[in-house]
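Visitor: Okay, here's the structure, questions in a sec.
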Amino acid sequence: MPENSKNQNKENIYILGIESSCDDTAAAVLKDGKIISNKVANQAIHEQYGGVVPELASRAHQQNIVPVVDLALKEAGVKPSELSAIAFTKGPGLLGSLLVGTSFAKSMSLALNIPLIGIHHMKAHVLAHFIKDDRMNLPEFPFLALTISGGHTQIVQVNDYFDFKILGETLDDAVGEAFDKTAKIMGLPYPGGPLIDKYAQKGNPKAFKFPKPKVAGLNFSFSGLKTSILYFLQKKQKEEPDFVSKNLNDLSASIQYTIVQILMDKLQKAVKQTGIRRIAIAGGVSANSGIRQALRIAQQNDAWQVYIPNFEYTTDNAAMVAIVGYLKYQQGLFDDYDLIPKARIPLHD
Ligand code: KG4
Ligand code: ZN
């Protein structure tokens, strides 16, 4: 643990959060649990390749990290010397990308002689719900978190800030990949998830029926759906070459409907199994209007208490890293400079 001279008062705690696990370089400043700046630099470079290219991502992080951190501090009106600690994403993610954020965080922590706090990316997605904002509707423990992103699909029982238990997860593709890969099959640019959502709003969700996977327990599988959509479209396009463009809204609505049904079926099962009716969604796919609507319906019909984070805290961001940094700071959970980021880390780490 770095020796540091700052006392740990309960007030005026400023945490700088840094996120660089995939293709977004993000920095945020948090004061006593409230976000005072939250900046993200997206990497447009990957669009032309139809997916994230790891080598290009780490290079772009190197270019972006100094300006993004600088902007976050300036917008917050906070000087580096006022910071109490630096929190950064230690994994899971792309190793080359994680290394950029980690090296930067370590250097800044050393230079300022303040604690360094490594953060688990998926825990950050879940604990983003504890960012104090106008909602003031923080989830009570225990709750179930449905973490749905481009890299993960999990149902997690959250008993406390740092007591997480995975109840189920995907055996192959993540739900974000299911959106992005089927979008790619339809010729849409990367990332296709938000586009499917957009077209789905004008389409009929029952226009086409796609099979739902049969997976035991609370685990998920999405690779079969992608393959069945691929074969379905190949067949249809033989008969009618512009089938996709003519049916884009209905196809998007039907794909989204199937994916949302798969998620909701397992969530219903998890509620039944645990008796927990507090549901929080996290990760980039929680921006999806279909899943949000399905959850609102369950809230009304099944007496669920549903927690949906503000949009800016759903996709990859540094505010969620900063809030976990704040929670760890209060407990004195700091890291050593020999911490190595990892592409895969268990959720309890
Ligand atoms: O959490 P996130 O920003 O990055 C990861 O850690 O993966 O999630 C990105 C994923 C992408 O697959 C993207 O297509 C998906 O979230 N996504 C959506 C929507 N917005 C983002 N998928 C469906 N509907 C959306 N509105
Ligand atoms: Zn993420």
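Visitor: Pick out the one residue from Asp173, Asp133 that is surrounded by fewer than 17 Cβ atoms within 10 Å (Cβ to Cβ), farther than 16 Å from Glu19 by Cα and either within 12 Å of ligand 1 (Cβ to nearest atom) or under 19 Å from the mean Cα position of the chain (by Cα) (or both).
Guide: Asp133
Visitor: Any idea which of (1) in contact (Cβ under 8 Å) with a residue 60 or more places away in the chain; (2) assigned to a loop (DSSP other than H, G, I, E, B); (3) not aliphatic (A, V, I, L, M) is the one Glu11 doesn't satisfy?
Guide: (1)
Visitor: Of the residues in the stretch 267-307, how many are assigned to a strand (DSSP E or B) and buried (at least 18 other Cβ atoms within 10 Å of the Cβ)?
Guide: Total meeting the criteria: 6.
Visitor: Is the stretch 138-147 home to any residue that is aromatic (Phe, Trp, Tyr), free of Cβ contacts under 8 Å to residues at least 40 places away in the same chain and more than 14 Å from ligand 1 (Cβ to nearest atom)?
Guide: Yes, the conditions are met somewhere in the stretch 138-147.
Yes/no matrix, rows are residues, columns are (1) touching a residue at least 60 places away in the same chain (Cβ under 8 Å); (2) in a strand (DSSP E or B); (3) under 19 Å from the mean Cα position of the chain (by Cα):
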site: Ile45; (1), (2), (3): no, no, no
site: Gly51; (1), (2), (3): yes, no, yes
site: Ala72; (1), (2), (3): yes, no, no
site: Gly101; (1), (2), (3): yes, no, yes
site: Met108; (1), (2), (3): yes, no, no
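Visitor: Also, quick follow-up: Which one of these does Gln330 not meet: (1) more than 16 Å from ligand 2 (Cβ to nearest atom); (2) over 27 Å from Ala85 (Cβ atoms); (3) not acidic (Asp, Glu)?
Guide: (2)
Visitor: Return yes when Ala216 is surrounded by fewer than 21 Cβ atoms within 10 Å (Cβ to Cβ) and without any contact (Cβ under 8 Å) to a residue 12 or more places away in the chain and no when it is not.
Guide: Spelling it out, Ala216 is indeed surrounded by fewer than 21 Cβ atoms within 10 Å (Cβ to Cβ) and without any contact (Cβ under 8 Å) to a residue 12 or more places away in the chain.
Visitor: Just checking, does the stretch 334-344 include any residue being in a helix (DSSP H, G or I) and within 15 Å of ligand 2 (Cβ to nearest atom)?
Guide: Within the stretch 334-344, not a single residue is in a helix (DSSP H, G or I) and within 15 Å of ligand 2 (Cβ to nearest atom).
Visitor: Working carefully through the options Pro205, Pro191, find the one that is in a loop (DSSP other than H, G, I, E, B), within 16 Å of ligand 1 (Cβ to nearest atom) and closer than 25 Å to Val324 by Cβ.
Guide: Result of the check over Pro205, Pro191: Pro191.
Visitor: Also, quick follow-up: Does the stretch 18-39 hold any residues that are within 12 Å of ligand 2 (Cβ to nearest atom) and either part of a strand (DSSP E or B) or not polar (S, T, N, Q) (or both), and which are they?
Guide: Scanning the stretch 18-39 gives Glu19, Cys22, Asp23, Asp24, Ala26.
No value in this document is a laboratory result; all are computed from the given coordinates. The structure presented is a predicted model; accordingly, all values stated were derived computationally and were not measured. Positions of Cβ are generated from backbone atoms using ideal geometry, with glycine treated the same way; all protein chains shown enter the neighbour counts.
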